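One structure is given below, encoded as structure tokens.
Please treat every number below as a calculation from the coordinates, not as lab data. Being a predicted model, the structure only gives us computed values, none of them experimental. Heads up, the Cβs are rebuilt from the backbone with ideal geometry, glycines too, and the neighbour counts pull from every protein chain shown.
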Amino acid sequence: MSFWNNIKEKMSDANDSLQKNIGQFKNKKFADASMAICALVAAADGEIDADERRKTAAFIMSNDTLKVFDASELKEKFDFFCNKLEADYDFGKIDAIQALGALKGKSEQARACIQLGIIIGSADGDFDADEKKAIKDACNAVGIAPSEFDL
């Protein structure tokens with residue numbers, strides 16, 4: 001199996017798993033952490049250009065996995081984290097990591113959130129080093145070893 005086919009298969013499996021489990025995670029902390037990880041991945045290189053922000057927001061709004069949440073509330077929270085990261089990346093990152101930290105000790109929710117971040121990072125076909133670092137930071141915030149996700 002080629003490298004890209006292997007990645008596509010893993011991402012498909014992760015998305016399937018996420019869709020099966022997300023209904024049980026319908027709560028504010030999970031929604032906030034999910035939008036925080038999406039914003040962190042979008043800003044992984046230190047900035048968020050308008051096109052990247054728009055594409056990530058469109059993915060969030062169209063993703064079947066997140067349909068258990070009110071789309072306008074997700075967009076509002078995603079914009080909140082993006083605005084924080086754009087205004088001051090370091091302080092914005094602290095806010096996003098704190099939102100993720102709310103899932104510490106809730107391993108199923110934390111794993112689902114990390115899987116969502118990986119799906120976002122891989123959506124363009126290039127899961128780059130900056131995006132992997134953002135996911136590693138998120139793993140550390142929720143108390144999960146990045147190695148569990150081959151990072």
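The table below gives the values:
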item: Extreme residue, farthest from Cys113 (Cα to Cα), among residues of the range 47-68 that are more than 15 Å from the chain's Cα centre (by Cα) and outside any helix (DSSP H, G or I); result: Asp49
item: Subset of the range 94-131 (residues that are surrounded by fewer than 20 Cβ atoms within 10 Å (Cβ to Cβ), assigned to a helix (DSSP H, G or I) and not polar (S, T, N, Q)); result: Ile94, Asp95, Ile97, Gly101, Glu108, Ala129, Asp130
item: Selection from the range 99-151 of residues that are of a type in the set (S, T, N, Q) and more than 19 Å from Ala31 (Cβ to Cβ); result: Ser122, Asn140, Ser147
